[in-house]
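The values are calculated or read from the model by the stated rules, or taken from the named source; none is laboratory data. As the structure is a prediction and not an experimental result, all values here were calculated from the model. Because the Cβ atoms are built from the backbone with ideal geometry, glycine has one as well, and the counts that use them run over all protein chains shown. All accessible areas refer to the heavy atoms of the entire protein, side chains included, with ligands and DNA or RNA removed. Shrake-Rupley method; radii C 1.70, N 1.55, O 1.52, S 1.80 Å.
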Amino acid sequence: EAGVTQSPTHLIKTRGQQATLRCSPISGHTSVYWYQQALGLGLQFLLWYDEGEERNRGNFPPRFSGRQFPNYSSELNVNALELEDSALYLCASDGSGNTIYFGEGSWLTVV
Amino acid sequence: AQSVTQPDIHITVSEGASLELRCNYSYGATPYLFWYVQSPGQGLQLLLKYFSGDTLVQGIKGFEAEFKRSQSSFNLRKPSVHWSDAAEYFCAVGTPGSARQLTFGSGTQLTVLP
């Protein structure tokens, strides 16, 4: 069974641009979660999508947004990129028993 | 709001030695508790979890953790460390109703000496 897959693995953008990251959950999982792992800030909850709806978001500005598609895949959009947005973005999907399983992550570098 | 503290930023052990990584949480009731491991440049792999019941839980790769309510702790242990265990370990807390919106500790980097 395939795990959570994320693309691209690495992305380099210029300050002010937009970045789009993609995530495919484990087959059968309907919820997707996005986390940011930034140097010095640790792992922080970003967004939760379930059945195509945004269910909750962490303490991040509105320029962090996303959506979930009918096939439960998801994309995370970061607008007006700032240098501090450089981080590993981890996607996770919802397993049974209140457990989430993470993908390998997408490295975003803002220069 | 819940919080998680991993007091040890970095731990070094010799291969074959025992290991204990500390995790303390703050939450008014019994939380859902998790340990994840992250190898360099990789995502997070679930080692084990605790929701209720037996306070000693077994995980993958020979790891176990014990939930101690009186100490608000969920320490991770392994009796004999292998070189491949070198990685960063994260303790995380979820709450009933938002179990998947985890609060993570700052992580403990484990170095294994040959």
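Using 7 Å Cα-to-Cβ label points, what is the residue A:39/residue A:71 separation (nm, one decimal)?
Simple spin-label model gives 3.6 nm for this pair.
Over the Cα atoms, compute the radius of gyration (one decimal) and Dmax (the largest Cα-Cα distance, rounded to a whole number) for the protein assembly as shown, in Å.
In Å, with Rg to one decimal and Dmax whole: 17.5, 51.
Other chains' Cβ within 10 Å of B:103-110 residues: what's the mean?
Mean shielding count: 2.
Report the label-to-label distance for residue A:59 and residue A:79 in nanometres (one decimal), using points 7 Å from each Cα along the Cα→Cβ vector.
2.4 nm
Counting partner chain Cβ atoms within 10 Å of every residue's Cβ in B:41-51, what's the average?
5
How much of the accessible area of the protein assembly as shown, in percent, comes from carbon and sulfur atoms when a 1.4 Å probe is used?
Roughly 49 percent of what the probe reaches on the protein assembly as shown is carbon or sulfur.
Over the C-alpha atoms of segment B:3-113, what are the Rg and the largest Cα-to-Cα span, Dmax, in Å?
In order Rg, Dmax, the Cα atoms of segment B:3-113 give 13.2, 41 Å.
Which number gives the lysine pairs in the protein assembly as shown that have C-alpha atoms under 30 Å apart and are eight or more places apart or on different chains?
5
Excluding residue B:18 itself, calculate the net charge of residues whose Cβ lies under 13 Å from the Cβ of residue B:18, where each Lys or Arg counts +1 and each Asp or Glu counts -1.
-2
Under 8 Å for C-alpha pairs, at least 6 residues apart: give me the relative contact order for segment B:3-113, rounded to a whole percent. Mind showing how you got there, number by number?
On the way: 272 pairs, mean separation 42.0, N = 111.
Dividing the mean separation by the residue count of segment B:3-113 yields 38 percent.
Any idea of the accessible area per residue across segment B:3-113, 1.4 Å probe, to the nearest Å²?
In whole numbers, segment B:3-113 has 44 Å² accessible per residue.
Between residue A:11 and residue B:22, take the C-beta separation as r, use R0 = 45 Å, and let me know the FRET efficiency to the nearest 0.05.
Plugging the Cβ-Cβ distance into 1/(1 + (r/R0)^6) gives 0.80.
Mind checking Rg over Rh on chain A, alpha carbons, Kirkwood formula for Rh?
Values: Rg = 13.1 Å, Rh = 13.8 Å.
We get a ratio of 0.95 for chain A.
Using a Förster distance of 22 Å, how high is the FRET efficiency between residue B:72 and residue B:109, based on the Cβ-Cβ distance and rounded to 0.05?
E(calc), rounded to 0.05, equals 0.45.
For segment A:54-111, I need the span (max minus min coordinate) of the C-alpha atoms along each principal axis, in Å, sorted largest to smallest.
Taking max minus min along each principal axis of the Cα atoms, segment A:54-111 gives 39, 22, 21 Å.
Round to the nearest 0.05 the FRET efficiency obtained for residue B:64 and residue B:39 when R0 = 22 Å and r is the Cβ-Cβ distance.
According to the calculation, E is roughly 0.65.
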